[in-house]
Every structure is written in C-alpha cells, then in structure tokens.
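The values are calculated or read from the model by the stated rules, or taken from the named source; none is laboratory data. These numbers were taken from a predicted model, which means no experiment stands behind them. Here the Cβ positions follow ideal geometry from the backbone for every residue, glycine too, while neighbour counts run over all protein chains shown.
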Amino acid sequence: MSVRHFLSLTDCSPTELQLIIQRAIELKRQRQTGQAQETLKGRVLGMIFEKASTRTRLSFEAGMFHLGGHSIFLSPRDTQLGRGEPLADSSIVMSSMLDAVMIRTFAHATLTEFAKHATVPVINGLSDDLHPCQLLADLQTFTELRGAIQGKTAVWIGDGNNMCNSYIEAAVQFDFNLRIACPKGYEPDPQLVACAGQRVSITDDPQQAVQGAHLISTDVWASMGQEDQAQARMAEFRPFQVSKELLDLAADDVLLMHCLPAHRGEEVSLDVLDDPRAVVWQQAENRLHAQKALLEFLINPALYQHG
C-alpha cells in the first residue's frame, strides 16, 4: 500500500474525513474520562518548523505523547536543512528514521517536494497556501456543537489566505455553502474557487455575507511573512472587522471561530471573543484531538479498517 500524505483536505475522501473527526471526538471523550491510549506506542514524529507556532507544536507534541509515541522538534537552524541540504536528501534520510513528518513552512512547494521523496506520511502543519489541520479542528468543533455541517452556510471574513483556501476545500469535502467576504484584491486562489463551483461565492459586503450564516470564521489581516503590509492592510480591512453587531445579522445559533492568535481591536472587536457565540477556545483545544486522530489514520491505518 502506498504511503498516505496529508498536505490538503483533498488527500482524504469525504468519508475518511468524517471518520477522522468522529475518532477525534472519541479520543477527546477518552482523554476527559482518563482512558489512556497507546495506539502509536514506539512511533516517532519529526516536526519541522520554519514558521513560529504555539497551537501546532503543542498539539502535535502532546498528541504523540498521549498516544504512546514520541516527537522530535526540528528547526532549520538545528538541522542541515538550514545549511542547504536538498529537501529530497533530507526526506529520504528522515523517512528511514521516523514514522511521519509534520512540516510547518512558507512555500507549499516545500511540502510537495519533501512528500515526493518521503516513504512515510508527510503532514501539512501550515503553508502559505493551505492549513488543513486547522480545518479538521474547526469541523470537529462545529460537529460537537451543532451536528453535521452538510447543507449549512459558513462565512469566511477577511483575507483570502491559506485558511480561506482550506475553507474552500472543506466546503467541497463536507458539502456546505461558503460565502467569502474580502476586500477587492484580496480574493482566495481562483483555481480553488472555480473547482468549488456553486458552493462558494465571493462578496466585498460582510453584512450581506453573514445573513443567516451558521458559522463565521476569520483570521488576522496580515499573516506571518506579511508584516511589512500590516499598515496598508489595516485601512483596507477595517470594514471587515467581526463584531457582536455583525454576529447579530447571522443565524440565531451562529458560531464564531478564529484560528488564533487574534488581534483584538483589528479583525475582531475587543469584546467579541467573550461572546457566548465565540467558540475559539474549544476550537483551539480540538487541534489536539483532531491531530491525534489524523496521526493514527496516517501512521496506524489498521485502526480505521473497521470504518
């Protein structure tokens, strides 16, 4: 059987994604009741970080520990990657010593090149193009609180960035409608939008976009690597701030998500994360559980054969 990677939500079928989320919910319940799991005992995850991280590092590192495995943190300055060793060479060597590799990087091509030469699963912990692990946590959160998202309406507000791109892929894989509200000139990947067809629509009017929405998600206006654009973006994105007043235009049972870290007073108003409709802390915790399920799926797929 060929090795499975997780660089995008499209690397799994809709059925497999649902199995991962249901397993994440089960693993969360087991952790809350003190049931230990050692499904990855003796397995080792390598974690390559080119971008800073809080939630990604904590969730993967703690997740491997909870499942009886181990993780190794690798930064470019600590490895030969930082001294120009070709990705292909590093991938071959790491594959011989590890059971999976998670990479958090800038260029998505870094992931695809590494995965091309890897003989163990490679996981996208974030790239400039996509953030699929975050979407697993988001969809787990929605499922726990509201049930299936199929047929519901989600709204992405802000930059057409990697998170927005992954929401587009999620709309296809989980069969929900996605409205994207962003300033002109900051739209998401047009190829992804085209592939999503009628499931995705784009507007520059956030008030119109959130009408009747069941889920609203947003992110910082300037992502890592865009710090030099922050001031210019501030003026462009100001009308796209998510506030309690904006939430009031959505469905009564709307949920607000943010992948964090949040800049209060910018993409979200100062008080909106304290609103009971905001579920960002549950969403953040679910990175742990969703990624534990993903690690099992990729490293010990026999666990899923019964599904």
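On the basis of being touching a Ser or Thr at 6+ places or on another chain (Cβ under 7 Å) and surrounded by fewer than 17 Cβ atoms within 10 Å (Cβ to Cβ), does Val93 make the cut?
Against the criterion (touching a Ser or Thr at 6+ places or on another chain (Cβ under 7 Å) and surrounded by fewer than 17 Cβ atoms within 10 Å (Cβ to Cβ)), Val93 does not qualify.
Before we move on, is Gly63 more than 19 Å from Thr119 (Cα to Cα), assigned by TED's automatic domain parsing to the domain that holds Arg31 and crowded, with 19+ Cβ neighbours inside 10 Å?
Against the criterion (more than 19 Å from Thr119 (Cα to Cα), assigned by TED's automatic domain parsing to the domain that holds Arg31 and crowded, with 19+ Cβ neighbours inside 10 Å), Gly63 qualifies.
Quickly run through the stretch 67-86 and pick out the residues that are in contact with a Leu (Cβ under 8 Å, 6 or more places away or on another chain) and either of a type in the set (S, T, N, Q) or more than 10 Å from Ile48 (Cβ to Cβ) (or both).
Leu67, Gly68, Gly69, His70, Ser71 - these are the residues of the stretch 67-86 that are in contact with a Leu (Cβ under 8 Å, 6 or more places away or on another chain) and either of a type in the set (S, T, N, Q) or more than 10 Å from Ile48 (Cβ to Cβ) (or both).
Give me the pairs: first residue in the stretch 194-212 and within 15 Å of Glu245 (Cβ to Cβ), second residue of a type in the set (S, T, N, Q), beta-carbon distance under 6 Å, and six or more apart or on different chains, which are they?
That search, which allows pairs on different chains as well, returns Ala209/Thr203.
Which of (1) at pLDDT below 95; (2) farther than 22 Å from Ser127 by Cβ is the odd one out, the single condition Leu81 does not satisfy?
(2)
Answer yes or no as to whether Asp129 is among the acidic types (Asp, Glu) and more than 22 Å from Leu273 (Cα to Cα).
On the way: among the acidic types (Asp, Glu): yes; more than 22 Å from Leu273 (Cα to Cα): yes.
Considered against the rule, which asks whether it is among the acidic types (Asp, Glu) and more than 22 Å from Leu273 (Cα to Cα), Asp129 comes out as yes.
Suppose the filter is at pLDDT 95 or above and surrounded by 16 or more Cβ atoms within 10 Å (Cβ to Cβ); does Glu245 pass it?
Judged against the criteria, Glu245 is not a match.
Just wondering, is there one or more residues in the stretch 184-200 that are loosely packed, with under 14 Cβ neighbours inside 10 Å and either among the acidic types (Asp, Glu) or not assigned by TED's automatic domain parsing to the domain that holds Arg277 (or both)?
no
More than 30 Å from Val254 (Cα to Cα) and modelled with pLDDT of 95 or more: is that true of Val101 in this structure? Break it down stepwise before answering.
Numbers: more than 30 Å from Val254 (Cα to Cα): yes; modelled with pLDDT of 95 or more: yes.
Yes; evaluated as a whole, the condition is true for this residue.
Can you tell me which residue is surrounded by the fewest Cβ atoms within 10 Å (Cβ to Cβ) among those in the stretch 201-238 that are in contact with a Phe, Trp or Tyr (Cβ under 8 Å, 6 or more places away or on another chain) and charged (D, E, K, R)?
In this case the residue turns out to be Glu236.
Could you say which residue among Thr153, Thr143, Thr119 is in contact (Cβ under 8 Å) with a residue 60 or more places away in the chain and in the same structural domain as Leu81 (by TED's automatic domain parsing)?
So the residue among Thr153, Thr143, Thr119 that is in contact (Cβ under 8 Å) with a residue 60 or more places away in the chain and in the same structural domain as Leu81 (by TED's automatic domain parsing) is Thr119.
Could we say that Asp138 is under 22 Å from Ser53 (Cβ atoms) and assigned to a loop (DSSP other than H, G, I, E, B) here? Steps first, please.
On the way: under 22 Å from Ser53 (Cβ atoms): yes; assigned to a loop (DSSP other than H, G, I, E, B): no.
It is false that Asp138 is under 22 Å from Ser53 (Cβ atoms) and assigned to a loop (DSSP other than H, G, I, E, B).
Picking from Leu27, Leu9, which residue would you name as being closer than 22 Å to Leu126 by Cβ, within 18 Å of the chain's Cα centre (by Cα) and modelled with pLDDT of 95 or more?
Leu9
I'm told Val155 meets every condition in (1) on the phi > 0 side of the Ramachandran plot; (2) surrounded by 24 or more Cβ atoms within 10 Å (Cβ to Cβ); (3) not acidic (Asp, Glu) except one. Can you identify the failing condition by its number?
(1)
Which residues, counting only those in the stretch 216-270, are among the aromatic types (Phe, Trp, Tyr) and assigned to a loop (DSSP other than H, G, I, E, B)?
Trp221, the sole residue that qualifies.
When the stretch 255-271 is examined, which residues are found to be surrounded by fewer than 22 Cβ atoms within 10 Å (Cβ to Cβ) and under 20 Å from the mean Cα position of the chain (by Cα)?
Leu260, Pro261, Ala262, His263 - these are the residues of the stretch 255-271 that are surrounded by fewer than 22 Cβ atoms within 10 Å (Cβ to Cβ) and under 20 Å from the mean Cα position of the chain (by Cα).
May I ask you to list the residues in the stretch 119-150 that are surrounded by 24 or more Cβ atoms within 10 Å (Cβ to Cβ), more than 15 Å from the chain's Cα centre (by Cα) and on the phi > 0 side of the Ramachandran plot?
Residues satisfying the conditions do not exist here.
Which residue, of Met163, Met224, Met234, is under 19 Å from the mean Cα position of the chain (by Cα) and at pLDDT below 95?
Met224
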